[in-house]
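The values are calculated or read from the model by the stated rules, or taken from the named source; none is laboratory data. Only a predicted model underlies this, so the values are computations on that prediction, with no experimental measurement involved. Here the Cβ is made from the backbone with ideal geometry for all residues, glycine too, and neighbour counts use every protein chain on show. The protein model used for the area step is the full one, side chains on, heavy atoms only, and it has no ligands, DNA or RNA in it. Shrake-Rupley method; radii C 1.70, N 1.55, O 1.52, S 1.80 Å.
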Amino acid sequence: MSKAIKELQAVDYSAAAIKVKKFYCEPQTLCFRLHWHDRIEIIRVKSGKMTIELGEDTFTICQNQMIIFPPRMAHKGYTTDTVVDYDVLMFDIRSFFNDTAVCSTTLPLILEGKVKFKNSIKDFSTVAICDEICNNNNPDSLEIISLVYKLFFDLFQKHISENNSKTQTKAREIIDYIEQNYSHDLNTEALSKKFGYSNEHFCRKFKEATGITPMTYLKIFRLEEALKMLKSGEFSISEIATRCGFNDANYFTRCFKSHYGVPPKSFKK
């Protein structure tokens, strides 16, 4: 699997905390690059078909099917021999948390990676709920919020394919640790030792949970933070390299250019 990046662009949600976009892709086209994010994304294919890379799995979703991209799971989509017309429904699961026992015991499971939904969902009633949300003329209404909860109910009732809470919870612990300590000198040997794994087992389990290796995750997260610092204009390039865990400013420049297509100096200008 090629290098994945975390999507940095903030989503402008409606008052009902959702965002809907509509897309059309020609044959042999990259629909969306390999990336991940903290929100939930649902692809609903209206016509044609799309090849999906999700974690370590590759499969095809076709007309009248949908797929759930959970938080922090790397994914990519492209067409082969057909056009594809599809909707994208986005929301941050945390916007729908509340103090009721039902929500507090179910919805966080999605954010924490403790449940996995089926790769492709073709159930008519579930797809119809997604369509109601995507095609609603009033994205700021209470009706939209009620439909999102209805969709959650349908997904939990019919479409859970795996519940591997132990593995996923540990992966989230590792990710949180990496993001909190990205400026330090981290490597797979130190991380595997800290979390009680052999090096090989640690790397395999991390990739199963996220679709990318721990060192790729670390490098990309460091580059994300570097990008934020460049945008702020408060630090020099060498300061940013050091603050983001790059011991060599030249190596940082090479990594930045490889990842974003331009060197940090040009981006800063």
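Under the Karplus relation 6.51 cos²θ - 1.76 cosθ + 1.60, θ = phi - 60°, what is the ordered set of whole-Hz ³J(HN,Hα) values for region 171-178, x standing for Gly and Pro?
With the stated coefficients, region 171-178 comes to 4, 5, 4, 5, 4, 4, 5, 4 Hz.
Which pairs in the list 76/265; 231/265; 219/257 are over 20 Å apart, alpha-carbon to alpha-carbon?
Flagged as over cut-off: 76/265.
So, R0 is 51 Å and r is the distance between the beta-carbons of residue 204 and residue 132; what FRET efficiency does that work out to, to 0.05?
It comes out at approximately 0.80.
Which value in Å does the Kirkwood hydrodynamic radius of region 183-269 take, with 1/r averaged over all unlike C-alpha pairs and then inverted? Walk me through the intermediate numbers first.
Values: mean 1/r = 0.0721 Å⁻¹.
About 13.9 Å, per the Kirkwood formula over Cα pairs.
Accessible area per residue for region 134-269 in Å², computed with a 1.4 Å probe and the full protein assembly in place, what is it?
The answer is 55 Å² per residue.
How big is the equivalent ellipsoid of the chain along its three axes, where each semi-axis is √(5λ) from the Cα gyration tensor, reported in whole Å from largest to smallest?
One finds semi-axes of 33, 22, 19 Å for the chain.
Roughly how many percent of the accessible protein surface of the chain is carbon and sulfur, given a 1.4 Å probe and a whole-percent answer?
Values: 6490 of 13330 Å².
Reported share for carbon and sulfur atoms: 49 percent.
Over region 77-197, what relative contact order in percent results from Cα pairs under 8 Å that are six or more residues apart?
That works out to 27 percent.
Provide the FRET efficiency to the nearest 0.05 for the residue 95-residue 161 pair, computing r from the beta carbons and using R0 = 30 Å. Mind showing how you got there, number by number?
Working: r = 25 Å, r/R0 = 0.82.
With a Förster radius of 30 Å, E is 0.75.
Using just the helices of the chain, give the 222 nm mean residue ellipticity in deg cm²/dmol: DSSP H runs with n ≥ 4 each add -39,500 (n - 2.57), and the total is spread over all residues, rounded to 500.
After summing the helix terms and dividing by residue count, I get -13500 deg cm²/dmol.
Explain nothing, just the number: dipole magnitude of the chain about its Cα centre with +1 on each Lys and Arg Cβ and -1 on each Asp and Glu Cβ, in debye rounded to the nearest 20.
Details: 37 positive and 33 negative charges, 137 e Å.
My answer is approximately 660 debye.
What percent does the relative contact order of the chain come to when contacts are Cα pairs within less than 8 Å and at least six residues apart? Walk me through the numbers before you get to the answer.
Values: 439 pairs, mean separation 47.2, N = 269.
Computed over the chain, the figure is 18 percent.
Apply 1/(1 + (r/R0)^6) to the Cβ-Cβ distance of residue 140 and residue 215, taking R0 = 45 Å, and write down the FRET efficiency to the nearest 0.05.
The computed FRET efficiency comes out at 0.60.
What ratio of Cα Rg to 2.2 N^0.38 Å holds for region 113-269?
Rounded to two decimals, the normalised Rg is 1.39.
Taking region 1-106, how much of its Cα-Cα pair set, in percent, is spaced more than 20 angstrom apart?
The proportion of pairs with Cα distances above 20 Å equals 43 percent.
Suppose every Lys and Arg Cβ carries +1 and every Asp and Glu Cβ carries -1, with no other charges. What dipole size does region 147-229 come out with about its Cα centre, to the nearest 20 debye?
Working: 13 positive and 11 negative charges, 35 e Å.
Computed about the Cα centre, the dipole is about 160 debye.
Relative to the first principal axis of the alpha-carbon coordinates of the chain, what is the inclination of helix 142-158, with its axis defined by its Cα atoms, in degrees from 0 to 90 and to the nearest 10?
90 degrees
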